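The values are calculated or read from the model by the stated rules, or taken from the named source; none is laboratory data. Worth saying up front: this structure is predicted, and the values here are computed from it rather than measured. Here the Cβ positions follow ideal geometry from the backbone for every residue, glycine too, while neighbour counts run over all protein chains shown.
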Amino acid sequence: MFYLRPLVQNQNKLGVTPEEIKSLFCNFEAITTFHQIMAHDLQLQEAGAVFLKNAPFLRMYTEFVSAYDTCMDTLDKLKKRRKIRSFFDNIRKKTSKATGNLKLEDFLIMPVQRIPRYELLLSNLRKHADRHSPEFSKLDQALKLIQSIAVEGKK
């Protein structure tokens, strides 16, 4: 949201169209909101239950992954405009402490990496869970769901 909201607020001044913003961010805002909800749930419940409950919503990542090349093309096109490139650089500088100096590109790759990271996390949790516990079964089911979503995202 470090880049999206300021861009939307300044789109007229920068000459950026709503279509360019949609093309650049796709469903990034929905993913961010979902991720915050899931992070909250993980503080209250075991991982297997949270991933099972939320697995259907993880499919929103596949939409972003499918649109990622278009997103990067749009970003390249926008960054050719000096005013926009400067705008993005200023946001990075202003938010560097909070974001670790990440560029917009660094944020936009995160949803692409998320499903494989969840798959790895669940695999590791499952490996260390007691095979006879209810959590093992939930982790196993959640891992299978995440793996199916990962396959969908590669199509």
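Here are a few things to note about the model shown:
- Within region 45-85, tally of residues that are exposed (fewer than 12 other Cβ atoms within 10 Å of the Cβ) and assigned to a helix (DSSP H, G or I): 4
- Meets criteria (in contact with a Cys (Cβ under 8 Å, 6 or more places away or on another chain) and within 30 Å of Lys127 (Cα to Cα)) for Phe64: yes
- The set of residues in region 83-101 that are among the polar types (S, T, N, Q), within 17 Å of Leu4 (Cβ to Cβ) and modelled with pLDDT of 85 or more comprises Asn90, Thr95.
- Hits in region 42-99 (condition: charged (D, E, K, R) and closer than 22 Å to Lys13 by Cβ): Asp76, Lys77, Lys79, Lys80, Arg81, Arg82, Lys83, Arg85, Asp89, Arg92, Lys93, Lys94
- Region 42-73, subset within 17 Å of the chain's Cα centre (by Cα) and of a type in the set (D, E, K, R), residue nearest to Ile115 (Cα to Cα): Arg59
- Yes/no for Cys26 being at positive phi and buried (at least 17 other Cβ atoms within 10 Å of the Cβ): yes
- Ser148 being loosely packed, with under 14 Cβ neighbours inside 10 Å and closer than 30 Å to Val16 by Cβ: no
- Of the residues Ile115, Ile31, the single one that is of a type in the set (A, V, I, L, M), under 12 Å from the mean Cα position of the chain (by Cα) and closer than 30 Å to Ser133 by Cβ is Ile115.
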